[in-house]
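Okay, handing you the structure first.
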Amino acid sequence: MTDAPEAPALKRTPLFDLHRKLGAKMVPFAGYQMPLQYEGILAEHNHCRREAVLFDVSHMGMALLQGDDVATALETLVVGDIRGLAAGRLRYTLLTNDEGGIVDDLMVINGGYYVVLVVNAARKEVDFALIRDRIGDRIDFEVWTDRALLALQGPAAASVLARLAPPSRHMLFMTMETLTIGEMKCGVTRSGYTGEDGFEIVVDDGHAVELANMILDEPEVMPAGLGARDTLRLEAGLCLYGQDLDETTTPVEAGLAWTIGQRRREEGGFPGDEIILRQMAEGPKRKRVGINLQGKVPARAGAAITDRWGKALGRVTSGTFGPTVGAPIAMGYVSADHADNNALVSVTVRERPLPGRVVPMPFVPHRYAT
Amino acid sequence: MATTRYTREHEWIRIDGDTATVGITDFAQEQLGDVVFVELPEIGRQVSKGDEAAVVESVKAASEVYAPASGEVTAVNEALADEPALVNSAPNGDGWFFKMRLANPAELDDLMDAAAYKDHVDSLD
């Protein structure tokens, strides 16, 4: 633990004092001091699968886009069908570069007369600079710096929020509403990053603590930190930018070609379109896969994946012990000829090859609201 | 009577004559978080002081456990295979890692007693 005087001061979310009061272990993450855990990663993970947890994800980047041209302009930067995104709906999409690599993965929310983007904390500067540079003259663009984002996740999330905001019970998965919770006006989406049903709630900084306390006061809810968020999303087969996705990885390699809408496949018009569409037709050289490991030793990001005879196939990009699975799980990239389900692979941990098998993801079935 | 000494890397070693039991401290398990797997040394292995003797995997990451002294591993805690969380719940007791026969008890003079270890931990916060 050495001093690093040159490091910039870590930022705090509006809930920083609350995290401390709740006994969180705080860690630096993407330039912020964030809660890693409160009671413990396993307890928080299991509580999210059984009841409901509340995450502070205010470190994520949010921006407001307005203007007649927003959808068309955005489509020059992302692979998804944004023009076809109805008001009150949101969509997961990808910013790409001219080489077909992924600049970031993000949510696009169509609020009707405005669009909100929610991007990764570690990528917000890059994303927002890119948007300003490429389409800033076509849209009104405002980065939100005075709002908090909370994620209420778990099978009890719907009944909890229905108590605080009754109209939320009618929301479908991947829709957005403006709701009043207590006296607070909140932007609410039915979405999340755990594989469970849940909501993500935007509120202004000044009301963040009040909203968080109101939700945490509900008997089903406990606070959860980044540790549980990571194990939950990995079991759900969801990517973490910077680990499972980066600027040298294409949507096709990442198994995210489903985010490219039919019209976009026909028309192109997004950065790297030729490379990405050709890869869709011809098949990528490597693919993101899930791996179940025999035994109990978790493989971590960076571990080599080989075939059973030691030939290099790729690397693990995320790996942990899956608390709900009850066994080590990993996500990584392998050459396409070993990407089929049930392909036998080995993952090298501490110089020993551990036997594993390619399996379909998610590792734990999604239980989104239907 | 057994005495317990501590390393800067947060192992404890409880010495009883020329044998000793090794584990990690409460501070260490707290830092690691939920332990999901412990890789223990082979019985009969000769370790030198400072050697990597075991690995403890929490949900977050893997961490090495170093031999606090030189000697031969004489027993390992088989209970950790089925219940690695003992490291969290009873780091100073049922969550022990391995036992060893000490090759050179004089090495233990370099280690900290409980009061010195407490000062060490306090200095880390």
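Please give, to one decimal in nm, the separation of the simple spin-label points placed at A:Arg12 and A:Val126, each 7 Å out from Cα toward the Cβ.
For A:Arg12 paired with A:Val126, the spin-label model returns 2.9 nm.
Calculate the tail of P(r) for region A:285-359: the fraction of all Cα-Cα distances greater than 17 Å, expressed in %.
I get 29 percent for the Cα pairs in region A:285-359 exceeding 17 Å.
Which three lengths, in whole Å and largest first, does region A:7-239 cover when its Cα atoms are put on their principal axes?
47, 45, 34
Using 7 Å Cα-to-Cβ label points, what is the A:Ala327/A:Lys185 separation (nm, one decimal)?
It is 5.2 nm.
Then there's this: From the protein chains alone at 1.4 Å, what is the descending order of accessible area for B:Phe37, A:Phe55, largest first?
Values: B:Phe37 40, A:Phe55 5 Å².
Output order, biggest surface exposure first: B:Phe37, A:Phe55.
Next question, about the same structure. As a test question: what accessible area, to the nearest 10 Å², does B:Tyr6 have when a 1.4 Å probe is rolled over all protein chains in place?
About 40 Å², rounded to the nearest 10.
Tell me the Kirkwood radius of region A:244-311: reciprocal of the mean inverse pair distance over distinct alpha-carbon atoms, in Å. Walk me through the numbers before you get to the answer.
Values: mean 1/r = 0.0699 Å⁻¹.
For region A:244-311, inverting the mean 1/r across all distinct Cα pairs yields 14.3 Å.
When every alpha-carbon pair in chain B is counted, what percent end up more than 23 Å apart?
24 percent
Identify the residues of region A:171-198 with backbone N under 11 Å of a label point that sits 7 angstrom from the Cα of A:Glu210 along the Cα-to-Cβ direction, or state none.
A:181-185
How much accessible area does A:Ile275 have with a 1.4 Å probe, in Å² rounded to the nearest 10?
Accessible area, nearest 10 Å²: 60 Å².
Loop-only check: which GluC sites (Glu not before Pro) in region A:132-217 are DSSP coil with at most 13 other Cβ within 10 angstrom?
A:Glu183
Just subtract the alpha-carbon distance of A:Trp258 and A:Glu282 from 0.36 nm times their residue separation and send over the number in nm, one decimal.
On the way: separation 24, 0.36 × 24 = 8.64 nm, distance 1.58 nm.
Full extension from A:Trp258 to A:Glu282 adds 7.1 nm.
Let me ask something else. For a quick check: with amide H placed at 1.01 Å from N, whose amide H comes under 5 Å from A:Gly272's, ignoring anything fewer than 5 positions away on the same chain?
A:Gly100
Please go through region B:1-103 and write out the GluC sites (Glu not before Pro) that DSSP classes as loop and that have at most 13 other C-beta atoms within 10 Å.
B:Glu42, B:Glu78
Another question, if that's okay. Need one number: the % of Cα-Cα pairs in the protein assembly as shown sitting beyond the 33 Å mark.
It works out to 46 percent of all Cα pairs.
Now for a different question. For the protein assembly as shown, what is the charge dipole size about the Cα centre, in debye to the nearest 20, if Lys and Arg each add +1 at the Cβ and Asp and Glu each add -1 at the Cβ?
Values: 48 positive and 73 negative charges, 263 e Å.
Once rounded to the nearest 20, the dipole reads 1260 debye.
Using heavy-atom solvent-accessible surface (probe 1.4 Å) with all chains present, what is the largest-first order of A:Arg288, B:Arg45, A:Arg233?
B:Arg45, A:Arg288, A:Arg233
Hey, another quick one. How far apart, in nanometres, would the label points at A:Arg163 and B:Ala114 be if each is projected 7 angstrom from Cα along the Cα-to-Cβ direction?
Result for the modelled spin labels: 4.4 nm.
Which trypsin sites (Lys or Arg not before Pro) in region A:3-102 sit in a loop by DSSP (not H, G, I, E or B) and have at most 16 other Cβ atoms within 10 Å of their own Cβ?
Passing both the DSSP loop test and the Cβ count: A:Arg12, A:Arg83.
Can you pick out the pairs among A:Lys311/B:Lys49; A:Lys124/B:Lys60; A:Lys25/A:Lys296; B:Lys49/B:Lys118; A:Lys25/A:Lys124 whose Cα atoms lie more than 28 Å from each other?
Violating the 28 Å limit, Cα to Cα: A:Lys311/B:Lys49.
Same structure, new question: Determine the order of A:Asp81, B:Asp109 by accessible area, beginning with the largest, at a probe radius of 1.4 Å.
B:Asp109, A:Asp81
Let me ask something else about it. For A:Lys25 and A:Lys311 in the same chain, what is the full-extension length gain: residue separation times 0.36 nm, less their Cα-Cα distance, in nm?
In short, 98.9 nm is gained.
How big is D for region A:130-246, in µm² s⁻¹ as a whole number, if Stokes-Einstein is applied with the Kirkwood radius of its Cα pairs at 4 °C and 1.567 mPa s?
For these conditions, the coefficient is 82 µm²/s.
How many square angstrom of accessible surface are buried between A and B, both sides summed, with a 1.4 Å probe and rounding to 100?
1400 Å²
The values are calculated or read from the model by the stated rules, or taken from the named source; none is laboratory data. All of these numbers come straight from a predicted model, not from anything done at the bench. Don't worry about glycine lacking a Cβ; one is built from the backbone with ideal geometry, like all the others, and counts go over all protein chains shown. Keep in mind that these areas ignore ligands, DNA and RNA; they rest on the heavy atoms of the full protein, side chains included. Shrake-Rupley method; radii C 1.70, N 1.55, O 1.52, S 1.80 Å.
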